[in-house]
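*Asks:* To start, I am sharing the structure in question, which I have written as structure tokens.
The values are calculated or read from the model by the stated rules, or taken from the named source; none is laboratory data. Quick caveat, the model's predicted, so the values are computed rather than measured. Please note: Cβ atoms are built from the backbone with ideal geometry, for glycine as well, and neighbour counts cover all protein chains shown. Accessible surface is based on the protein model in full, side chains and every heavy atom, while ligands, DNA and RNA are left aside. Shrake-Rupley method; radii C 1.70, N 1.55, O 1.52, S 1.80 Å.
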Amino acid sequence: MSVTGILPDREISGLFDAGRLASARPLDPDQIQPASLDLRLGETAYRVRASFLPGPGSLVSEKLDRLTLHEFSLAEGAVLETGCVYIVPLMESLALPADVSASANPKSSTGRLDIFTRVLTDNGVEFDKIAAGYEGPLYLEVSPRTFPILARAGSRLSQIRFRRGHSLLDETALSVLHEAQTLVASDEPNISNGGIALSIDLAGGENGLVGYRAKHHTGLVDVDRKGAFKVSDFWEPLYNHGAAELVLDPDEFYILVSREAVHVPPAYAAEMTPFDPLVGEFRVHYAGFFDPGFGHTAAGGTGSRAVLEVRSHEVPFILDHGQIVGRLVYEKMAAKPDALYGADLKSNYQGQALKLSKHFTAS
């Protein structure tokens, strides 16, 4: 009998072996993560008039025939401009078993660059949700919000997580797990609405640095180049000057950090969700997947914080130190992964505090 839960790395490999996952070219060596699969851009991109969902009985390709403004190749790389919407067929396609569904999310580095991405499927009525038994291609909507980007066929902006059945922990199970393994570093954790709360750190460290605000009219960022761009060319540092609060300016993009350290035990996976969707003044643009082993001491993760991508809407909004901005929901793994996030995989964000994406260097 198949075990309920998030599928680990070896079961994702098993989907390829069984023909349930396919790809236009061989997998990258590090493409399969402990509880997810990185998705790769295909060779063609379409600039479209507007974002869309295909809806029941409609193929994405049919919508592209009507909405495409410009078709171009990503084979040698191309610039994707801010404020534009692009649809890119992905290299990976699915033929899921009847008991396996999936969900997608931007990769951590994608969120920290303020690149808005969502996965679409044929007949889809939701973004980033793939129904159990889905058979067909995958497409990625890409819309850079702050920096123009250089991307190419094979660039990895999004990730997909597979699940069998219902594996979400309820509040009672969350409380028991937190008591045993400390999910967030809080003496009095706020566990409600199916998750455990995370709050904002605006106190800063020894130098008072609390976050970064993106600059306007910058150069472009090559999404496949690590440590290639100077922080000072793209970001303005923000410091605590004694107020322990931050005024978010409308439509500015901020990188902030959680006050609590986060722990995802090896037998679980986590995802960040909005604290309260009725709070419309600001939005944390989540790159929401946390893999098994994030913040786990044995995997080199002591003190790992959640980095938050924040944008205010319509009006200025004041964030106070310790204000709740999101919740972590936890799901059981169908089995422990062979490799944990962190030391096993040389993961970029294990043990992180406030940290920009891997593309930037201080020097």
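*Asks:* Going by the conditions given, is V79 among the aliphatic types (A, V, I, L, M) and out of contact with any Phe, Trp or Tyr (no Cβ under 9 Å at 6 or more places or on another chain)?
*Replies:* yes
*Asks:* Go through A78, A98, A104 for me and flag whichever is closer than 30 Å to D17 by Cβ and open to solvent by less than 50 Å² (accessible area, probe 1.4 Å).
*Replies:* Matching residue, one of A78, A98, A104: A104.
*Asks:* Give me the residue from region 75-96 that is among the hydrophobic types (A, V, I, L, M, F, W, C) and not in a strand (DSSP E or B) and, out of that set, farthest from P26 (Cα to Cα).
*Replies:* Applying the first criterion (among the hydrophobic types (A, V, I, L, M, F, W, C)) to region 75-96 yields 75, 78-80, 84-85, 87-88, 90-91, 94-96.
Checking the rest, the ones that are also not in a strand (DSSP E or B) come to 75, 84, 96.
Numbers: A75: 16, C84: 30, L96: 19 Å.
So the residue we want is C84.
*Asks:* Got a sec? Which of H178, H216, H241 is out of contact with any strand residue (DSSP E or B) (no Cβ under 6 Å at 6 or more places or on another chain) and within 22 Å of T273 (Cβ to Cβ)?
*Replies:* From the options H178, H216, H241, the qualifying one is H178.
*Asks:* Just wondering, is there one or more residues in region 183-197 that are among the charged types (D, E, K, R) and part of a loop (DSSP other than H, G, I, E, B)?
*Replies:* Yes; the residues of region 183-197 include at least one that is among the charged types (D, E, K, R) and part of a loop (DSSP other than H, G, I, E, B).
*Asks:* Given the structure, is T117 under 25 Å from L7 (Cα atoms) and either in contact with a Cys (Cβ under 6 Å, 6 or more places away or on another chain) or assigned to a strand (DSSP E or B) (or both)?
*Replies:* So T117 fits the description; yes.
*Asks:* Hey, another quick one. Scan (1) modelled with pLDDT of 95 or more; (2) among the aliphatic types (A, V, I, L, M); (3) surrounded by fewer than 16 Cβ atoms within 10 Å (Cβ to Cβ) for the single condition I149 breaks and write down its number.
*Replies:* (3) is the only condition that I149 fails.
*Asks:* Considering every residue within region 64-74, establish whether at least one is open to solvent by 60 Å² or more (accessible area, probe 1.4 Å), within 23 Å of K129 (Cβ to Cβ), of a type in the set (G, A, S) and outside the structural domain of V264 (by the TED database).
*Replies:* no
*Asks:* Ok, one more. Anything in region 302-316 that is charged (D, E, K, R) and open to solvent by less than 60 Å² (accessible area, probe 1.4 Å)? List them, or say none.
*Replies:* E309, R311
*Asks:* Report every pair of residues separated by at least 6 positions or lying on different chains whose Cβ atoms are under 6 Å apart, first residue within region 11-38 and small (G, A, S), second open to solvent by 30 Å² or more (accessible area, probe 1.4 Å).
*Replies:* From residues that are small (G, A, S), the pairs are A22/S93.
*Asks:* Can you say whether H178 is open to solvent by 40 Å² or more (accessible area, probe 1.4 Å), over 18 Å from the mean Cα position of the chain (by Cα) and not basic (K, R), as far as the supplied structure shows?
*Replies:* Numbers: open to solvent by 40 Å² or more (accessible area, probe 1.4 Å): no; over 18 Å from the mean Cα position of the chain (by Cα): yes; not basic (K, R): yes.
The answer is no for H178.
*Asks:* On to the next question. Please state which of the following conditions D224 fails to meet, knowing it meets all the rest: (1) surrounded by 12 or more Cβ atoms within 10 Å (Cβ to Cβ); (2) farther than 18 Å from V79 by Cα; (3) touching a Lys or Arg at 6+ places or on another chain (Cβ under 8 Å).
*Replies:* (2)
*Asks:* P237 versus (1) in contact with a helix residue (DSSP H, G or I) (Cβ under 9 Å, 6 or more places away or on another chain); (2) over 27 Å from Q159 (Cα atoms); (3) in a loop (DSSP other than H, G, I, E, B): which is the lone unmet condition?
*Replies:* (3)
*Asks:* Turning to a different aspect of this structure: Being surrounded by fewer than 17 Cβ atoms within 10 Å (Cβ to Cβ) and either in contact with a helix residue (DSSP H, G or I) (Cβ under 9 Å, 6 or more places away or on another chain) or among the aromatic types (F, W, Y) (or both) is the filter here, so list the residues in region 28-52 that pass it.
*Replies:* R49, A50
*Asks:* A173: at pLDDT below 95, of a type in the set (A, V, I, L, M) and open to solvent by 10 Å² or more (accessible area, probe 1.4 Å), yes or no? Break it down into steps so the answer makes sense when it comes.
*Replies:* On the way: at pLDDT below 95: no; of a type in the set (A, V, I, L, M): yes; open to solvent by 10 Å² or more (accessible area, probe 1.4 Å): yes.
So A173 fails the test.
*Asks:* Something else now. Give just the number: which of (1) more than 26 Å from R164 (Cβ to Cβ); (2) buried (at least 16 other Cβ atoms within 10 Å of the Cβ); (3) modelled with pLDDT under 90; (4) of a type in the set (A, V, I, L, M, F, W, C) does A299 not satisfy?
*Replies:* The failed condition is (1).
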